[in-house]
Each structure stands twice: as C-alpha cells, then as structure tokens.
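Quick notes on the structure that follows.
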Amino acid sequence: MNTEVHIWHGRYRVAGICKNRNFRLMGLHERLSKEGYAVYLHELSDFYEVTEVEVNGEIVYHCKITDFQFGGDGELDPLCEMIVDKV
C-alpha cells in the first residue's frame, strides 16, 4: 500500500510558549506507518491547536492537536485508533 497520508498541524501552547510541536502526533504517525501508509507531517504557522488528516486530497479527520495523548506508540490512544480506521 503506497497511499500518502498528510498530517497538517498547527502551533499549540505549552508552559506559555506557543510553537509547532509534533510529539503528540508520533503515535498516529507510527500506527499509520505500520499499516503501510506513507506519512508526511506538515507544520502550519497559521493553524492554532489544529490537526487535519488528509488522504487522496480529502480531509478525513479534523481535531485539536491536544486531543492526542502525549508520547507513546499510539496503540492505547483511542483517537489514533479512530483515525486509522477512517484512513
């Protein structure tokens, strides 16, 4: 399977500092990669706390980046499971 999955994510605030971070997306990235998808992370400076998952030019999921669990492999994150099912 060579389907490309693009994950667009914006900045979010941690300890008073607002910047792009992808730590919360590593579990989703790992889960999708294990399924055989080519996964690309894109930082967007004009998004704030937003994550969009795009497959074949269509947004299949949209949520706050802070909804993801921090760290881990995504196996125990119910949001990762739901997104993998939608992809």
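Quick one: in segment 1-51, of everything that is among the polar types (S, T, N, Q), surrounded by 13 or more Cβ atoms within 10 Å (Cβ to Cβ) and over 22 Å from Pro78 (Cα atoms), which residue is farthest from the chain's Cα centre (by Cα)?
So, considering only residues that are among the polar types (S, T, N, Q), surrounded by 13 or more Cβ atoms within 10 Å (Cβ to Cβ) and over 22 Å from Pro78 (Cα atoms), the one farthest from the chain's Cα centre (by Cα) is Thr3.
For segment 34-67, what are the residues that are at pLDDT 95 or above and among the hydroxyl-bearing types (Ser, Thr, Tyr)?
Hits for segment 34-67 are Tyr37, Tyr40, Thr51, Tyr61.
Provide a single number: the residues in segment 1-12 that are over 17 Å from Ile83 (Cα atoms) and touching a helix residue (DSSP H, G or I) at 6+ places or on another chain (Cβ under 9 Å).
Of the residues in that region, 3 qualify.
Restricting attention to segment 67-80, report how many residues are surrounded by fewer than 15 Cβ atoms within 10 Å (Cβ to Cβ) and either charged (D, E, K, R) or under 10 Å from the mean Cα position of the chain (by Cα) (or both).
3
The values are calculated or read from the model by the stated rules, or taken from the named source; none is laboratory data. Bear in mind that the values here come from a model prediction, so they are computed numbers and not experimental data. Backbone-built Cβ (ideal geometry, glycine too); neighbour counts: all protein chains shown.
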